[in-house]
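The values are calculated or read from the model by the stated rules, or taken from the named source; none is laboratory data. Bear in mind that the values here come from a model prediction, so they are computed numbers and not experimental data. Don't worry about glycine lacking a Cβ; one is built from the backbone with ideal geometry, like all the others, and counts go over all protein chains shown.
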Amino acid sequence: MRVAIIRLSALGDIIHAAVINEFLYKSGIKVDWIVEERFREILDHNKYINEIKTVNLKNKKRIFFEINRIRKWEKYDLVIDFQGLIKSAILGKIVGKKVIGCDEYHTKEKPALLFYDKKLKIRNHTIGRYKDMINEVFDLKITNEDIKNHSPYLFYEKKDFIVEDFFSKNKKNIIFIIGSTATNRKYPIKKWIKLANSLNANVLIPYGNEEEKEEALLISENSNAEVLPKMNLNELKACISYADLLIGNDTGPSYIAWANKIPNILLYGATPFGRVFENEYTKIIKSKTSKNLEVIDKNDFSIRDISVREILDAVEKI
């Protein structure tokens, strides 16, 4: 049986979803992944994935060309839509004989439900949702403990470690992930500066866009932190995987550390606590002033209330 999983975006969601690949692989189930072209590198070199197929549905000028290209793919017997959008559901219908998604509780765009042959009643969130979907579709028994004890599952090549010269041989190398697509999930720059100056470590800051670069430079100018050169996703995977610790906001790159079992401290304000599973490698610091809803409240800026002292205490313990 030919099986495909659709998770087009975003980076953090792809990383969260990809944890299930190890368990499918060990159960003898081969899966292809369909992902937006700009995110494919996060899945590169993955021994648990049969084939990565990419689409470019963002370029509206070439959308008909893209659809015609996709129609030429060999049909899958089963497609599982992890995305829950109209475009992912239609894509599933184009490439698959049978499409499975969630019911209206988790399907973000309700018209997508029209394209599902089977709708799963899943009430868990994020990683738990992907686990429950796979368990139901393939009659598996993946547990929360299995997820907590997953193997590293984001792969790279030695040549991707292009920032080796920035790494210290005498001090701990700590990565700061300072960006986020949402302003209310960003820890304040002033506190990053104070944190960097409080750590007896080699602090390194990667960036993904010009705004993050400017913020990273501001931290660097006022602390002992260094700004890393621009990296692609394979290079970022390697960089984080060679670090001793990552401290980061709720944003895609932070979860590379969780995926590859690199010690990490995640800063949560509006973010619901269950976004990832804590284990011996992961410590979540949740702001005490958060409303603590099941979904992210865009007006909750409580991440700003996390003290530098709380983070330093976590660094000592992890």
Flagged in the stretch 279-295 as part of a loop (DSSP other than H, G, I, E, B) and at pLDDT 85 or above, in numbering order, are 280, 281, 287, 288, 289, 290
Would you point out which residue out of 164, 145, 136, 157 is among the acidic types (Asp, Glu), in contact with a strand residue (DSSP E or B) (Cβ under 7 Å, 6 or more places away or on another chain) and closer than 24 Å to residue 259 by Cα? 136
For residue 104, state whether it is surrounded by fewer than 18 Cβ atoms within 10 Å (Cβ to Cβ), outside any helix (DSSP H, G or I) and touching a residue at least 24 places away in the same chain (Cβ under 8 Å). no
What do you reckon, is residue 180 polar (S, T, N, Q), over 14 Å from residue 254 (Cβ atoms) and either without any contact (Cβ under 8 Å) to a residue 24 or more places away in the chain or not assigned by TED's automatic domain parsing to the domain that holds residue 39 (or both)? no
Surrounded by fewer than 18 Cβ atoms within 10 Å (Cβ to Cβ), touching a residue at least 24 places away in the same chain (Cβ under 8 Å), closer than 30 Å to residue 243 by Cα and of a type in the set (Asp, Glu): is that true of residue 145 in this structure? no
What number of residues in the stretch 116-170 are assigned to a helix (DSSP H, G or I) and hydroxyl-bearing (Ser, Thr, Tyr)? 2
So, of the residues in the stretch 195-238 that are of a type in the set (Gly, Ala, Ser) and touching a helix residue (DSSP H, G or I) at 6+ places or on another chain (Cβ under 8 Å), which turns out to be nearest to residue 265 (Cα to Cα)? 196
Taking the stated definitions as given, is residue 249 within 27 Å of residue 127 (Cα to Cα), assigned by TED's automatic domain parsing to the domain that holds residue 125 and within 20 Å of the chain's Cα centre (by Cα)? no
For the structure I just gave you, tell me whether residue 160 is of a type in the set (Asp, Glu), touching a helix residue (DSSP H, G or I) at 6+ places or on another chain (Cβ under 9 Å) and surrounded by 19 or more Cβ atoms within 10 Å (Cβ to Cβ). yes
The listed residue being modelled with pLDDT of 95 or more and more than 18 Å from the chain's Cα centre (by Cα), out of 232, 197, 209: 197
Residue 206 meets each of (1) buried (at least 23 other Cβ atoms within 10 Å of the Cβ); (2) touching a residue at least 60 places away in the same chain (Cβ under 8 Å) with one exception, condition (2)
Hey, can you tell me all the residues within the stretch 72-87 that are under 26 Å from the mean Cα position of the chain (by Cα) and farther than 11 Å from residue 4 by Cα? 83, 84, 85, 86, 87
